[in-house]
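The values are calculated or read from the model by the stated rules, or taken from the named source; none is laboratory data. These figures come from a predicted structure and were not determined experimentally. Note: ideal-geometry Cβ built from the backbone for every residue, glycine included; neighbour counts use all protein chains shown. Keep in mind that these areas ignore ligands, DNA and RNA; they rest on the heavy atoms of the full protein, side chains included. Shrake-Rupley method; radii C 1.70, N 1.55, O 1.52, S 1.80 Å.
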Amino acid sequence: MKKIKFLHYFVIALLLINIIWFLRYIYYQPKFHKLFFNIAEVQNYAPYKDVNFLVDMFFYLLTIVGLFFIHLGLYDFIKKGFFNTKSYSRSRRAALLFVISGSFNFVFHVVNPLFKGRNFFELFIGNDFLILVLGIGLYVLADLVQNGNVLKQENDLTI
């Protein structure tokens with residue numbers, strides 16, 4: 001149980017770091033500082049019309065929400081034991097958010113630059129693929145928790 005508690009605290013720290021990074025990225029995005037120095041550029045400035053920025057922020061927000069569900073699932077593991085339905089459903093939601101975020105962001109970061117004529121080997125898609133693999137792994141873990149929950153209920157009924 002000490003390892004689960006350590007993982008829980010680690011996920012809380014990771015969640016806080018990602019929230020701070022998300023807010024910093026929105027505030028310090030390119031050309032944002034020019035609003036304060038040159039008023040004439042304010043009329044031509046439209047940062048939220050950039051498709052890459054909006055897609056990155058949306059999928060990064062999905063990843064942060066997934067981390068929040070992992071936090072809640074680990075909290076349920078600590079309070080109610082490993083085999084319970086709440087931790088299963090929260091882990092499955094987090095896995096689903098990670099798979100959606102990782103797969104769609106992966107496709108977007110591969111397809112969009114290729115249409116613009118960039119070389120495939122210049123792309124960095126490691127983080128997107130990592131989130132996708134973590135989501136699949138968490139989904140498998142959630143199914144193991146569900147199977148353990150069913151076995152625990154059957155064992156409790158036979159005794």
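Would you be able to tell me the number of residues in segment 98-135 that are farther than 19 Å from residue 15 by Cα and open to solvent by less than 90 Å² (accessible area, probe 1.4 Å)?
First pass over segment 98-135, keeping only residues farther than 19 Å from residue 15 by Cα: 103-126, 129.
If we keep only those that are open to solvent by less than 90 Å² (accessible area, probe 1.4 Å) too, we end up with 103, 105-114, 117, 119, 123, 125-126.
Residues in segment 98-135 being farther than 19 Å from residue 15 by Cα and open to solvent by less than 90 Å² (accessible area, probe 1.4 Å): 16 in total.
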Quick check: is even one residue across segment 2-15 over 25 Å from residue 98 (Cα atoms), open to solvent by 90 Å² or more (accessible area, probe 1.4 Å), at pLDDT 70 or above and assigned to a helix (DSSP H, G or I)?
-> yes
Enumerate the pairs (first residue in segment 121-132 and under 8 Å from residue 106 (Cα atoms); second residue anywhere and of a type in the set (A, V, I, L, M) and at pLDDT 75 or above) with beta-carbon separation below 9 Å, excluding pairs fewer than 6 apart on the same chain, so at least 6 apart or on different chains.
-> 125/110; 128/107; 128/110
